[in-house]
Amino acid sequence: MKTLSLILLTFMMSKSCSKETQNDIANSVIEYAAHTRGYHLTIMIVNQKAIISQGIEPENRSQEVAISDAEWKALVAEFQTLNLAEIPNLKDPTQKRFYDGAAIATLKIKYQGKNYETVAFDHGFPPAAIEKFVNKIVSLVKEKE
């Protein structure tokens, strides 16, 4: 009986850790946007590329940037920790955007035909559940400047 239980437990553990049950960032479209009256930033991530748009003037066109393997691996690791179903229910930790203390930010993820979008939060102060992931996305822009 112990052997049967051990085999069953091993099977269940291997199934839960398989690649099929984890979030697959390669089949996702991720968009992070932050804006206020004088600031605009959009980062779209698709297939190990980031499309970055800063500013609303015509001379500030979008720029496509390849994400390095190390950055991609770190982004994938953070993406796999996300609970996508909880994203729309996350609470914003601060409200600085209400008095122009921070830009208004949102995170949108399109995954397996479903859209997951956060409520608005302050740029630089994302909800704790997505903080590391959002900071990784924003760091892509900072590294390219």
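The values are calculated or read from the model by the stated rules, or taken from the named source; none is laboratory data. Everything quoted here is computed from the prediction, not taken from an experiment. As a convention, Cβ positions derive from the backbone with ideal geometry for all residues, glycine included, and neighbour counts pool all protein chains shown. With ligands, DNA and RNA removed, areas are computed over all heavy atoms of the protein, side chains included. Shrake-Rupley method; radii C 1.70, N 1.55, O 1.52, S 1.80 Å.
Just to make sure I understand: if all protein chains stay in place, what is the order of Glu117, Glu31 by accessible area at 1.4 Å, largest first? Mind showing how you got there, number by number?
Working: Glu117 85, Glu31 50 Å².
Correct descending sequence by accessible area is Glu117, Glu31.
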Relative contact order, percent, of segment 19-145 when contacts are C-alpha pairs under 8 Å separated by at least 6 residues?
26 percent
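Expressed as a whole percentage, what fraction of the accessible surface of segment 89-145 belongs to carbon and sulfur atoms when a 1.4 Å probe is rolled over the protein heavy atoms? Walk me through the numbers on the way to the answer.
Working: 1630 of 3350 Å².
Taking all protein chains in place, segment 89-145 shows 49 percent carbon and sulfur surface.
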Expected output is a single nm value to one decimal: the length gained when fully extending between Lys108 and Thr81, i.e. 0.36 nm times separation in residues minus the C-alpha distance. What is it?
8.1 nm
In whole Hz, what ³J(HN,Hα) sequence does segment 24-29 give by Karplus (6.51, -1.76, 1.60; θ = phi - 60°), x for Gly and Pro?
10, 5, 5, 9, 10, 10
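Filter the GluC sites (Glu not before Pro) in segment 48-100 to those in DSSP coil with at most 11 other Cβ atoms within 10 Å of their Cβ, and list the result.
Filter output for segment 48-100: Glu59.
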Pop out the ³J(HN,Hα) list for segment 91-101 in order, Karplus 6.51 cos²θ - 1.76 cosθ + 1.60 with θ = phi - 60°, rounded to Hz; leave Gly and Pro as x.
9, 6, x, 9, 10, 5, 5, 6, 10, 6, x
Long-range amide H contacts for Val119: which residues qualify at under 5 Å (H placed 1.01 Å from N, peptide plane, sequence gap of 5 or more or a different chain)?
Leu90
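Sort Thr106, Thr36, Thr81 by accessible area with a 1.4 Å probe, largest first.
Details: Thr106 30, Thr36 55, Thr81 100 Å².
Heavy-atom accessible area, descending, gives Thr81, Thr36, Thr106.
Heavy atoms only, 1.4 Å probe, whole protein assembly: order Phe98, Phe125 by accessible area, highest first. Mind showing how you got there, number by number?
Values: Phe98 150, Phe125 80 Å².
Correct descending sequence by accessible area is Phe98, Phe125.
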